[in-house]
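S.K.: Before I ask anything, let me first share the structure, which is written out below as structure tokens.
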Amino acid sequence: MRGQSSKVNVEPNRNVSDMNDVGIDDIAIHFPKIYFDMKDFAEMRGADYGKLNRGLGLSAMSVPDIHEDTATMGANAVTQLIDRNGLDPRKIGRMYLGTESALDGAKPTATYILDMLTQRYSHQFGEDCFRNCDVVDMTFACIGAVDALHNTLDWVARGGDEEGRVGIVVFSDNAKYDLESSGEYTQGAGGGAILVRHNPRLISIPDTWGISTTPVHDFFKPRREVSLTSVITHVLQLAKETGQNLKDGLAERMVKHLPESTVRRLGIFAHGEEMIQVHRDEPIFDGQFSNRCYQEAVKTAFLDFRDRAIKSGRYDSETDEILTEQWIRIIMHLPYAFQAKRMFPDVFRHDRRNEAIWQEIVSDIGREPVREDFEDTPEGEVEWEKTQDVYRRAISKTDQYKEFHAQRIEKGQRASSLIGNQYTGSIFLAIMSTFESDYEDNEHIENNYFGLCGYGSGAKAKVFEGKVSPSWREVVSRWNLFERMAGRVAIDRVTYEELHKGLREGSVVEPKGEFALVEIASEGVYEGARTYRWVA
């Protein structure tokens, strides 16, 4: 019977020759130059800062400035990646964007990014320097960028080492929630770019993936329908509240005679519709249900990964060390900084059920709950879920789990505490946070394995792993992630709410050395089209 290993640097028993040496060569990240301090947020909302900070790990949230959106944040990150690595745009074969903050229902946000990059590099490489680059948006809530990475790894590998394909995965999102909602404190924003190619200098990713997909509504952004009558009614109600003397039933009469009214001149009401479809960035979500979906999806994907690793010969469950003990670091999607700490106990438990260490834990906290002990009724299901949550918390408080978390998970949450949720980029911010923390601590993690667990509501999880390259320090030394975050500008409550509501007219910090949104067309055949430029 195997017990828990006290070693951190572990070289798993893997057949390296079977691996296709494709992976992440470098990562760049762009985040807004402004942020809202969590102490100020707590004071504004009358919340307990101690709970937000010590309980959830939140210190600050990144907030997009007036000139920033999904496209600019992504394009700025790609620019960092190209300049830092001296890339020739003509040799970048694909640029796949993972986002759930798309700017259009048909035109990919990736094309806006491509337009900006063409402006930036055409003087050096020609106006057609990105003409042969394949771009697309990939959306599956927070896991879209992991899907884009999975797809791009396959594409690079298919080309072979001789062809030397170069792909870039972009992630960019504005994690925005309704003001005063239960998700508001988790907000954040940023964009990033991942360089994928053969013989990567950062981390290679074998082609073994565990997957779990279920159709649930834990978090989603539907096209919502609003009647034209209700819109006009609300406008008239506001008019009454400002002292206007308006007759009852006016809204209904306006809708009935709309073809003759000036309201019909507005573009969205131009075709006689009575119902209007509205898309909002703010989601509909159930936090507790989403946490359960997250736990179940990651656990199921992990078990799938373990089965595939055994079948491929990469892992022998009888002779090799516990799989999660082989992962020197574990990187997870973090909608808030301490999410992994709270969610991973399920995987920790299932990976140790037949081990001596699990018997030690059971002797301390008692046996785990069994579904058969609860009635097969809706009430029984609720009680079962509550008991499961209590047991997971009990696992998380054991010395064994605390040590495991401190060694393998904690470093990934440091940057998240200072930026907030990045949706599709959260897992990649965590990997950067981990690498830079290990670099600062002078850790020797080369040739060891990271475990990565991505999640997207709706819901899907993917579990995979990567082997740290010997040259990882060379790459990470140029990131300066935490140093750059320290140089941001704090905003006050008034500025935060003006930005959130779209009421502010000028940038808080004027753009410099970055792409900026300069116009959104308001009329004509190009109504809604966005224009960007590089601000030197």
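The values are calculated or read from the model by the stated rules, or taken from the named source; none is laboratory data. These numbers come from a predicted model, not from an experiment. For neighbour counting, all protein chains shown are included, and Cβ atoms are generated from backbone atoms with ideal geometry for every residue, glycine included. Ligands, DNA and RNA are excluded from the accessible area calculation, which covers all protein heavy atoms including side chains. Shrake-Rupley method; radii C 1.70, N 1.55, O 1.52, S 1.80 Å.
S.K.: List the number of the failed condition for I232; all other conditions in (1) open to solvent by less than 30 Å² (accessible area, probe 1.4 Å); (2) more than 30 Å from Q80 (Cβ to Cβ); (3) in contact with a His (Cβ under 6 Å, 6 or more places away or on another chain) hold.
M.R.: It fails just one condition, (3).
S.K.: Right, something else. Identify all residues within segment 519-533 that are open to solvent by 70 Å² or more (accessible area, probe 1.4 Å) and assigned to a strand (DSSP E or B); write none if there are none.
M.R.: Within segment 519-533, E519, I520, R533 meet the criteria.
S.K.: Within the set of pairs 6 or more residues apart or between chains, which connect a residue that is under 25 Å from N174 (Cβ atoms) and in contact (Cβ under 8 Å) with a residue 24 or more places away in the chain inside segment 279-303 to a residue that is open to solvent by 20 Å² or more (accessible area, probe 1.4 Å) and among the hydrophobic types (A, V, I, L, M, F, W, C) with Cβ atoms less than 6 Å apart?
M.R.: P283/F219; I284/F220; F285/F219; S290/F219; C293/V216
S.K.: Sort out which residues of segment 130-177 are more than 22 Å from G188 (Cα to Cα), assigned to a strand (DSSP E or B) and among the polar types (S, T, N, Q), and write them in order of number.
M.R.: Selection gives nothing.
S.K.: A further question follows. Would segment 398-421 turn up any residue that is among the charged types (D, E, K, R) and not in a helix (DSSP H, G or I)? Show your work before the answer.
M.R.: To start, the set of residues in segment 398-421 that are among the charged types (D, E, K, R) comprises 399, 402-403, 408, 410-411, 414.
Adding the requirement that they be not in a helix (DSSP H, G or I) leaves none.
For segment 398-421, residues among the charged types (D, E, K, R) and not in a helix (DSSP H, G or I): absent.
S.K.: Just for segment 412-451: of the residues that are over 17 Å from the mean Cα position of the chain (by Cα) and under 30 Å from A490 (Cα atoms), which one is most open to solvent (accessible area, probe 1.4 Å)?
M.R.: E440
S.K.: Mind listing whichever residues of segment 64-100 are over 17 Å from the mean Cα position of the chain (by Cα), open to solvent by 10 Å² or more (accessible area, probe 1.4 Å) and closer than 21 Å to V156 by Cβ?
M.R.: Residues satisfying the conditions are Q80, R84, N85, G86, L87, D88, R90, K91, G93, R94.
S.K.: Give all pairs with beta carbons closer than 8 Å in which a residue from segment 226-248 that is closer than 23 Å to V278 by Cβ meets a residue that is acidic (D, E) and modelled with pLDDT of 70 or more; count only pairs at least 6 apart in sequence or on separate chains.
M.R.: Partner pairs satisfying both residue conditions: S227/E274; L228/E273; L228/E274; T229/E274.
S.K.: Also, quick follow-up: Suppose we filter G454, G458 for residues that are closer than 18 Å to G412 by Cβ, in contact (Cβ under 8 Å) with a residue 60 or more places away in the chain and either surrounded by fewer than 16 Cβ atoms within 10 Å (Cβ to Cβ) or not charged (D, E, K, R) (or both); which single one remains?
M.R.: Working: G458 fails: closer than 18 Å to G412 by Cβ.
Of the residues listed, the single one that is closer than 18 Å to G412 by Cβ, in contact (Cβ under 8 Å) with a residue 60 or more places away in the chain and either surrounded by fewer than 16 Cβ atoms within 10 Å (Cβ to Cβ) or not charged (D, E, K, R) (or both) is G454.
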